[in-house]
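Visitor: Handing you this structure, nothing more for now.
The values are calculated or read from the model by the stated rules, or taken from the named source; none is laboratory data. Bear in mind the structure is a predicted one, so any value in this text is a computation, not a measurement. Don't worry about glycine lacking a Cβ; one is built from the backbone with ideal geometry, like all the others, and counts go over all protein chains shown. The accessibility values were calculated without ligands, DNA or RNA, using every heavy atom of the protein model including side chains. Shrake-Rupley method; radii C 1.70, N 1.55, O 1.52, S 1.80 Å.
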Amino acid sequence: MAETKHVEVDLEDIEKICEEFENREGAVVQVLQKVQEKYGYVPGEALELVGEVLEIPKSKMYGVLTFYSQFYQEPRGKFILKVCVGTACHVRGAGLLVDKVREELHIEPGENTEDMLFTLEPVACLGSCALAPMAMVSGTAYGKLSADKMVSLIRQLEEETVHEEETV
Amino acid sequence: MAKVTINGIEVDVDPSMTILKAAEKAGIPVPTFCYHPRMDPAGSCRICAVELEDSKKVVMSCVTPVADGMRVLTESPKIHEARKTNLELLLLHHPLDCPVCDCGGECPLQNMSFAYGATESRFESHRNDEPEDMKSDVLVFNANRCILCGKCVRICDEVQDVHAIGFINRGFDTIIGPPLGKKLDCEFCGDCLEVCPTGAITDHFVRYKYRPWQLEKQQTTCSYCPSGCQMFVETENEAIVRVTSQEGVGPNEGSICVVGRFGFNHVQIPERFDTPYMRSLHRLVPSSWEEVLPEIASGLNAIRKKGVDRIAGLISTRVPMEDAYVFQSFFRKILHSNMIDTGARYSFMNAALPIVAATGTLRPLVDHEDILKAKVILVVGADPVSESNITGLFVKRAARKERSRLYVVDSEAISLSSRAKDHIRVLPGGEQIFLEVLSEEIRQSGNLGAEWISRKEELFKNWNVDPSAYQRLLADLRSCETGIIVAGRKLFQLETPVAGVESLLKITGDLGWIDRPGCGLFVLPEASNDLGVLMMGASHEWLPGLMDSRDPASRGRWEETWGSRLAYGPGGGLEEILKGIDEGKINALISLGENPIGHFPPGSRVREILSKLDMIVSIDMFQNELSDMAHFVLPASSAYERSGHLVSAEGFVQAIKPTMAYWGESLPDWQILDRLSHAMGSPMGVDSAESVMSEILRFLPDLAPSSRNGSHFVGGTGEIRLATPVASADGCAYGEMVHEGNGLSTKFVSPAHKANRESVSSRYAQWREGIKEEPASPYRSIAGEGEFVLELTKSLFHSGKMTLMDSNLKKIQPEGKLRINRQTARKRKIKKGERVSLRTAYGVCSFIVEPSPAVSEFELTFPVHFANAEVLALFAPGLDFSSGTGAPVTHRIRVSLDSQNAN
């Protein structure tokens, strides 16, 4: 697994996010969601700054952060491969999809690739059992997958990134 | 009132009470893990289950309110089963490592399992095997043993208001610890350690070093700060193993701070003097009492013959009242000298003199209970949390739970500021002008004279005071039902401290607070027994009972009492002592735990002056600059070894008890002085500390031992944890136990500890008339160049300089760091841990920097405990004493900061 490198957090960005919710203590979850949207995860420094702005002790902030599985404390890949391992997908071979990703990208569930492009995240159910086995990447659902289709999806995402970088 | 029947016993209770509280009132113990009398109930451990007889329902007694006619069973087959099942569930994950667990033997979980026989579990699950969190130097968190009662998290939130630890994760994975996987960073009070009902929190210092049942336990009073905490010193083979507190016991109600809980190690290290020393050929050589006493005695006798006031004495204010009493009588009766002074001279004396002049007493008008009830609290020139920790806890509780309106006037943010309605930031040293203007405005009911109006404008303009916050404070002070002003160390160190304290006294009187119960001024002394030592007449101004030492009538009264003529001269304090030595009028100095050299900048000639003495006797525990030049060094016993009484900030007279044998050949101060008097041929004949106390009480009966326990605390039987017998604290009863109502509950009735309002009132009126209302004088600001004001502050983790010898406290705070405003540091590109140098006209000194958001951008602070000669070299050398109180002035100075000079 790749060594994680944390991002630099700007106090002004955090203040802006908190401002959107009128610095309300009760909005702490939404604020953290926004922070995660911005950085891909919730950096420790950001957590402390949010606590300072909303006047919530660090220990409470950390309690909230670790309570919800939606929040991540470590940087994550650009593409989160949400592979459904729910009942229907499982029956139709979701296990094979997960195995293929592990083999192809050399990462275990929950881990990032070294180039920080992919994160493998098996999820319980994406709610489209008719399309089983399925996966979701960046909000787009891919249904009726097979191990081969999974690989070509990964390749396609890689190419897109390379292309993007070139145009930049 | 609601009538509730518990196990057939009928009690009348307030309908807002919980079943648990009602059971307590009925004298029936109910087992609990997560309940704590000082905190809101959580209802998380489910062990306090009780059965409602009518509905057959099982409810949690700690969270269920009573109802009229309720019939409750605290023990029944159903309840037994419920508790047993609950224990089975708790023991699912809890490792059965009791044989190696520090808590084994005093563990409520172990006791409960024993009581309910929950030996085998019907459930199968894996045991937790999280590695222990060993990152902190102080506490170890063992998540496996944790039953998630949450008491540690709640005491840190609700009582300490520190929020250092919290719940992490969810469900089965929940653990307790500091946030972000970091090292624990807190006040290290250890209250979480104390309340933990299992061995989930242990401390590094004594882990695996004891079994609780092998320890001897002795209740005593903490001798660091003036809070007067009751603590339990636990020893094994005459060595202190740990210090604990007990829920509800003492004015501290079961909390003690870091210094009291962990700062006991310095009294049992080889560096301590264990035998008398005598100077021979410029070297101190070990000797014996038999050898040194006649030597000292003949020297003192020779000097005494020369006349009065020839021998000076200094005494620390950490010694018990008894020793201070013997000290002053030794000097006045035997040595014919009134050249005596105390360690309070350096700061608290600045408040003590005006307070005694105005009120005739050093006992406060208000105590911690009044702080809780006060509607408005003004904290000015004090950081109660670090100066008198328990006072700090009560102010926090008043602001958070009782909704008192708290105002903090300070240049920097103290830990109370976040709870304040307004934190009125003044520039460093601006407390002076702030109080003067406030006092005048209150006196004149707002109709300020022209001079004062310009003064007030100066306050807003030049001292950065927020006018609207000032107005809010003024309005609140005027209109509040009950109000208390808390002042402390910073105030004593103003440029003109007497004026500051007098302003406070005027405010108190002009608001009508002197005659109104619950209102008043609460001044925090600096050391544990400033009050007691001064009350015993250990400074030149006062005879015992705060009677004027120069007034023939007071003198006559004590001459009658002691049956001997007091032949002492006019005497004097530190200022006159140093001057007398310099002029050759004083030839000997006896110091009990004091070291004047360490208080003055190195160029101040103090060492040179002291070297003129024919004889220096240093009675101390550790080597210091004075003992280095002493002719005789005598080993003193520590507060953990001797007995006596201390007077707390609240005015309680509480006992310290010997917890271990005298270290080596050391003796308590009174005994050293008594032996010395025998050797001199004029024996004082003091038998014991107890006999001294009874002599004191004969003439000052108002100093009878007094104390207070937490209001929820009802003596040994009312412990509403598991009814495991608690050894009664022998001989520590203060006042009388009085049975109340049905005889089931008891309460302590303690002698009065607060000042008598009537006598204060008449004395105050006289004083107030005598005070001239002077027109506004231009404020003397700190002159000189420089961008910052350097201030020496009290650290939470140390007390005086002695604790620098303590290995435990040194681990918590090993060195002094210069605190600088975080933004300023960022602007000047100074990073944490870097070295900077400070420069004044007098010297240069380098410091390690610690950026902090609490410090203002005008200020730099450094813990006074670490202020050695190098640091003091920044201050103006010389013997500058404040007029009126004779206190040395070296507190604040303007400095320039060079980050380039860093190396």
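Visitor: Please go through region A:65-114 and pick out each residue that is within 14 Å of chain B (Cβ to nearest Cβ), touching a Gly at 6+ places or on another chain (Cβ under 8 Å) and either of a type in the set (Phe, Trp, Tyr) or closer than 19 Å to A:Ala132 by Cα (or both).
Guide: The one that is within 14 Å of chain B (Cβ to nearest Cβ), touching a Gly at 6+ places or on another chain (Cβ under 8 Å) and either of a type in the set (Phe, Trp, Tyr) or closer than 19 Å to A:Ala132 by Cα (or both): A:Tyr72.
Visitor: Show the residue pairs meeting these rules: Cβ distance below 8 Å; 6+ apart or different chains; first residue within region A:57-79 and outside the structural domain of A:Gly110 (by TED's automatic domain parsing); second residue of a type in the set (Asp, Glu).
Guide: That search, which allows pairs on different chains as well, returns A:Pro57/B:Asp157; A:Lys58/A:Glu48; A:Met61/A:Glu48.
Visitor: Does any residue of region B:207-225 turn out to be more than 22 Å from the chain's Cα centre (by Cα), within 14 Å of chain A (Cβ to nearest Cβ) and either assigned to a helix (DSSP H, G or I) or crowded, with 23+ Cβ neighbours inside 10 Å (or both)?
Guide: Among the residues of region B:207-225, not one is more than 22 Å from the chain's Cα centre (by Cα), within 14 Å of chain A (Cβ to nearest Cβ) and either assigned to a helix (DSSP H, G or I) or crowded, with 23+ Cβ neighbours inside 10 Å (or both), which makes the answer no.
Visitor: Moving on. Would you check which residues across region B:157-195 are within 9 Å of another protein chain (Cβ to nearest Cβ), of a type in the set (Gly, Ala, Ser) and out of contact with any Leu (no Cβ under 9 Å at 6 or more places or on another chain) and list them?
Guide: Listed by number, the residues that qualify are B:Gly166, B:Gly181.
Visitor: Mind listing just one residue for me: the one in region B:180-200 that is charged (D, E, K, R) and surrounded by fewer than 21 Cβ atoms within 10 Å (Cβ to Cβ) and, of those, farthest from the chain's Cα centre (by Cα)?
Guide: B:Lys182
Visitor: Specify which of the listed residues (B:Thr496, B:Thr508) is farther than 29 Å from B:Arg332 by Cα and open to solvent by 30 Å² or more (accessible area, probe 1.4 Å). Full working, then the answer.
Guide: Working: B:Thr508 fails: open to solvent by 30 Å² or more (accessible area, probe 1.4 Å).
Result: B:Thr496 is the single residue among B:Thr496, B:Thr508 that is farther than 29 Å from B:Arg332 by Cα and open to solvent by 30 Å² or more (accessible area, probe 1.4 Å).
Visitor: Now for a separate question. Quick one: which helices (runs of 4 or more DSSP H) lie wholly within region A:53-168 and hold at least 2 residues that are acidic (Asp, Glu), farther than 18 Å from A:Gly40 by Cα and open to solvent by 50 Å² or more (accessible area, probe 1.4 Å)? Quick ask: steps written out before the conclusion?
Guide: On the way: elements: A:58-67, A:87-91, A:94-105, A:147-167.
By residue number, A:94-105, A:147-167.
Visitor: Next question, about the same structure. Taking B:Val501, is it surrounded by 17 or more Cβ atoms within 10 Å (Cβ to Cβ) and in contact (Cβ under 8 Å) with a residue 60 or more places away in the chain? Full working, then the answer.
Guide: Values: surrounded by 17 or more Cβ atoms within 10 Å (Cβ to Cβ): yes; in contact (Cβ under 8 Å) with a residue 60 or more places away in the chain: yes.
Yes.
Visitor: Determine which member of the set B:Val233, B:Val292, B:Val259 is in a strand (DSSP E or B) and of a type in the set (A, V, I, L, M).
Guide: On the way: B:Val292 fails: in a strand (DSSP E or B); B:Val259 fails: in a strand (DSSP E or B).
Every option except B:Val233 fails the conditions.
Visitor: Right, A:Lys58: over 16 Å from A:Glu8 (Cβ atoms), in contact with a Pro (Cβ under 9 Å, 6 or more places away or on another chain), within 13 Å of another protein chain (Cβ to nearest Cβ) and not acidic (Asp, Glu) or not?
Guide: Criteria met by A:Lys58.
Visitor: Okay, moving on. Could we say that B:Ile830 is assigned to a loop (DSSP other than H, G, I, E, B) and either at positive phi or more than 25 Å from the chain's Cα centre (by Cα) (or both) here? Spell out the reasoning first.
Guide: On the way: assigned to a loop (DSSP other than H, G, I, E, B): yes; either at positive phi or more than 25 Å from the chain's Cα centre (by Cα) (or both): yes.
For B:Ile830, the condition - assigned to a loop (DSSP other than H, G, I, E, B) and either at positive phi or more than 25 Å from the chain's Cα centre (by Cα) (or both) - is met.
Visitor: Looking at B:Pro570, B:Pro552 in this structure, which one is without any contact (Cβ under 8 Å) to a residue 24 or more places away in the chain and within 30 Å of B:Leu700 (Cα to Cα)?
Guide: B:Pro552
Visitor: What number of residues in region B:617-666 are under 21 Å from the mean Cα position of the chain (by Cα) and not aliphatic (A, V, I, L, M)?
Guide: Selection size over region B:617-666: 16.
Visitor: Would you be able to say whether some residue in region B:641-664 is among the small types (Gly, Ala, Ser) and without any contact (Cβ under 8 Å) to a residue 40 or more places away in the chain?
Guide: no
Visitor: Given the structure, is B:Gly449 over 30 Å from B:Phe881 (Cβ atoms), buried (at least 22 other Cβ atoms within 10 Å of the Cβ) and either of a type outside the set (D, E, K, R) or in contact (Cβ under 8 Å) with a residue 60 or more places away in the chain (or both)? Give the derivation first.
Guide: Numbers: over 30 Å from B:Phe881 (Cβ atoms): yes; buried (at least 22 other Cβ atoms within 10 Å of the Cβ): no; either of a type outside the set (D, E, K, R) or in contact (Cβ under 8 Å) with a residue 60 or more places away in the chain (or both): yes.
No.
Visitor: Considering every residue within region B:849-863, establish whether at least one is touching a His at 6+ places or on another chain (Cβ under 8 Å) and in a strand (DSSP E or B).
Guide: Yes - at least one qualifying residue is present in region B:849-863.
Yes/no matrix, rows are residues, columns are (1) within 32 Å of the chain's Cα centre (by Cα); (2) part of a strand (DSSP E or B):
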| position | (1), (2) |
| --- | --- |
| B:Val267 | yes, no |
| B:Glu271 | yes, no |
| B:Thr275 | yes, no |
| B:Leu284 | no, yes |
| B:Asn301 | no, no |
| B:Val319 | yes, no |
| B:Glu322 | yes, no |
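Visitor: What residue, of B:Trp562, B:Trp558, is among the aromatic types (Phe, Trp, Tyr) and open to solvent by 30 Å² or more (accessible area, probe 1.4 Å)? Break it down stepwise before answering.
Guide: Working: B:Trp558 fails: open to solvent by 30 Å² or more (accessible area, probe 1.4 Å).
Exactly one of B:Trp562, B:Trp558 is among the aromatic types (Phe, Trp, Tyr) and open to solvent by 30 Å² or more (accessible area, probe 1.4 Å), namely B:Trp562.
Visitor: Residue by residue through region B:515-574, note down the ones that are part of a strand (DSSP E or B) and either of a type in the set (Lys, Arg) or out of contact with any Ser or Thr (no Cβ under 7 Å at 6 or more places or on another chain) (or both).
Guide: B:Phe522, B:Val523
Visitor: Can you tell me which condition B:Ser337 does not meet? The list is (1) part of a loop (DSSP other than H, G, I, E, B); (2) of a type outside the set (Asp, Glu); (3) surrounded by fewer than 24 Cβ atoms within 10 Å (Cβ to Cβ), and all the others hold.
Guide: All conditions are met except number (3).
Visitor: When the residues of region B:833-848 are filtered to those that are among the hydroxyl-bearing types (Ser, Thr, Tyr) and in a loop (DSSP other than H, G, I, E, B), which remaining residue is most open to solvent (accessible area, probe 1.4 Å)?
Guide: B:Tyr842
Visitor: Further question on the same structure: If you check B:Ser136, B:Ser113, B:Ser76, B:Ser55, which single one turns out to be closer than 28 Å to B:Cys192 by Cα, more than 35 Å from the chain's Cα centre (by Cα) and of a type in the set (S, T, N, Q)?
Guide: So the residue among B:Ser136, B:Ser113, B:Ser76, B:Ser55 that is closer than 28 Å to B:Cys192 by Cα, more than 35 Å from the chain's Cα centre (by Cα) and of a type in the set (S, T, N, Q) is B:Ser113.
Visitor: What are the residues in region B:460-498 that are modelled with pLDDT under 90 and aliphatic (A, V, I, L, M), if any? Give the derivation first.
Guide: First, pick out the residues of region B:460-498 that are modelled with pLDDT under 90: B:461-464, B:490-498.
Within region B:460-498, B:Leu491, B:Leu494, B:Val498 qualify.
Visitor: Still on this structure: If I ask for residues that are within 18 Å of B:Lys333 (Cβ to Cβ) and among the aliphatic types (A, V, I, L, M), which ones from region B:565-585 would you list?
Guide: B:Leu566, B:Ala567
Visitor: Sticking with this one: Among the listed residues A:Glu48, A:Glu37, A:Glu15, which satisfies the condition of being modelled with pLDDT under 95, open to solvent by less than 70 Å² (accessible area, probe 1.4 Å) and either farther than 24 Å from A:Leu117 by Cβ or not hydroxyl-bearing (Ser, Thr, Tyr) (or both)?
Guide: On the way: A:Glu37 fails: open to solvent by less than 70 Å² (accessible area, probe 1.4 Å); A:Glu15 fails: open to solvent by less than 70 Å² (accessible area, probe 1.4 Å).
Exactly one residue qualifies, and that residue is A:Glu48.
Visitor: Filtering region B:584-599 down to residues that are open to solvent by less than 10 Å² (accessible area, probe 1.4 Å) and under 30 Å from the mean Cα position of the chain (by Cα), which residue is farthest from B:Ser666 (Cα to Cα)?
Guide: Top of the filtered list is B:Pro596.
Visitor: Check every one of the helices (runs of 4 or more DSSP H) wholly within region B:61-179 and list those with 3 or more residues that are open to solvent by 50 Å² or more (accessible area, probe 1.4 Å), farther than 30 Å from B:Val13 by Cα and in contact (Cβ under 8 Å) with a residue 40 or more places away in the chain.
Guide: none
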